[in-house]
Amino acid sequence: ASSGRRVLALARSDAPLAADHGDSPPEGARPLGLVAIAERLRPNVADTVAFLLAEGVEIKVLSGDSPQTVAAIARDVGIPVMTLAEGAEIPEDPAELRAFALQTSVVGRISPEGKRAIVGALSDAGRYVAMLGDGVNDVPALKAARLAIAQGSGAQMARSIADLVLVRGDFDAIPALVHEGRQALRNLQRVAKLYVTKSAFAAFLILTIGITSEAYPLLPRHLSLVASLAIGIPTFFLALAPSSGPWRPQGFAKGVARFAVPAGVIVGTGTVAGYLFALHDLDYPVMEARTVAATVLLALGLYLVIALEAAGSLRRSSLVGAMCTALAGVYALVLGTPTLRHFFQLSAPTAGMLATAAVATLLSIAALALAGYVPSAAGAREAGAAA
């Protein structure tokens, strides 16, 4: 048993078995022999265990078998075994139960209720508990866990209440699952920053222009065009793109707000400044001034996409840069096509309009850079926030 074998003792008795003989063999039974059953480890389970340990996941084993047998198997797959215990040793006092659950690595001969108690105690201690099981006796613990994982070859009841089911029963699916989940969450955080920046920009316009007698710098069709090119289309691809780096769920809303609110204010300031300068200082008509505002807004939106998404590998930076260049080309096509320009109520750009938009854009980009919105700094902020 100490080497990881399940040991079955066979005995013979001429007397009938008692209705309740306890944990001891019947009296007068003659031992015939022992049957030692070896476990067949699943492929790649050791690699999966190493991955989880490297990610800071603490692994505990709860089993109905002998603690020594379970501990030997756990060591074979690389699980650190510090303390062994049996299910009968589980304390009832909540404080003692939490200490027991935190300190014990392997609990053998444990009942379904004992498994649930251990999971509940770990949750009460502030741990995020994932339970992996395949039998009916694992159902109470699976229900109590924050994340319930069942094997596809397990009992139907365990599969029906699980959050995730390993269809093929292979543990090597877990690293890929974690990788895909973190990629989706990292991309979600970046996409959320862009959308909340748009909301902060809209709020800035309302507070600066909406309460005055000035004509609004952007029409709804302008916002539709710019938002599609600077947010909608980029985030469609970037939400599905590969990403790297750490991810932590703590402070999600705070991290989004720290990025979006200053960025929205700076972008709004540059857009409004370019619009008012063209409208009052250069005496451009409202349509020409709105064209300047839309151009400034698009340029700053694409810059934020680059600052947020291009941090990382050279290949990713090149792809993001190429995408933003193509989207800027689409906007130029709109300005250069009379039908599209008329539909979006934009005017053909003149040298003065382009110069005004360029100056407003460059000054705003300088302000964004001073505030830390550059590709390398954006990546550093992501890593710092995650750490």
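Within the range 310-344, being surrounded by 16 or more Cβ atoms within 10 Å (Cβ to Cβ), in a loop (DSSP other than H, G, I, E, B) and modelled with pLDDT under 95 holds for Ala310, Ala311, Gly312.
Can Val45 be described as in contact with a helix residue (DSSP H, G or I) (Cβ under 9 Å, 6 or more places away or on another chain) and of a type outside the set (Lys, Arg)? The answer is no for Val45.
Residues in the range 154-177 that are farther than 22 Å from Ala141 by Cα and touching a helix residue (DSSP H, G or I) at 6+ places or on another chain (Cβ under 8 Å): Asp172, Pro175. The sole residue among Ala38, Ala18 that is farther than 29 Å from Arg146 by Cβ and touching a Pro at 6+ places or on another chain (Cβ under 9 Å) is Ala18.
Within the range 181-204, identify whether any single residue is open to solvent by 60 Å² or more (accessible area, probe 1.4 Å), more than 18 Å from Val267 (Cα to Cα), in a helix (DSSP H, G or I) and not basic (Lys, Arg), and answer yes or no. Yes, the range 181-204 has at least one match. Pairs linking a residue in the range 152-175 that is surrounded by fewer than 16 Cβ atoms within 10 Å (Cβ to Cβ) to a residue that is among the β-branched types (Val, Ile, Thr) and assigned to a loop (DSSP other than H, G, I, E, B), with Cβ atoms under 8 Å and 6 or more positions apart or on different chains, are Gly152/Val167. Against the conditions (1) at pLDDT 95 or above; (2) over 16 Å from Leu304 (Cα atoms); (3) in contact with a Leu (Cβ under 6 Å, 6 or more places away or on another chain), His222 satisfies every one except (3). Out of the residues in the range 1-23 that are open to solvent by less than 70 Å² (accessible area, probe 1.4 Å) and touching a strand residue (DSSP E or B) at 6+ places or on another chain (Cβ under 9 Å), state the one that is modelled with the highest pLDDT. In this case the residue turns out to be Ala11.
Restricted to the range 24-42, and to residues there that are among the charged types (D, E, K, R) and closer than 17 Å to Arg6 by Cβ, the residue that is most open to solvent (accessible area, probe 1.4 Å) is Arg40.
The values are calculated or read from the model by the stated rules, or taken from the named source; none is laboratory data. For clarity, every value in this text was computed on a predicted model and none was experimentally measured. Neighbour counts are summed over all protein chains in view; Cβ atoms, including those assigned to glycine, are modelled from backbone coordinates with ideal geometry. Ligands, DNA and RNA are stripped out before the accessible areas are found, and what is left, the full protein with its side chains, is counted by its heavy atoms. Shrake-Rupley method; radii C 1.70, N 1.55, O 1.52, S 1.80 Å.
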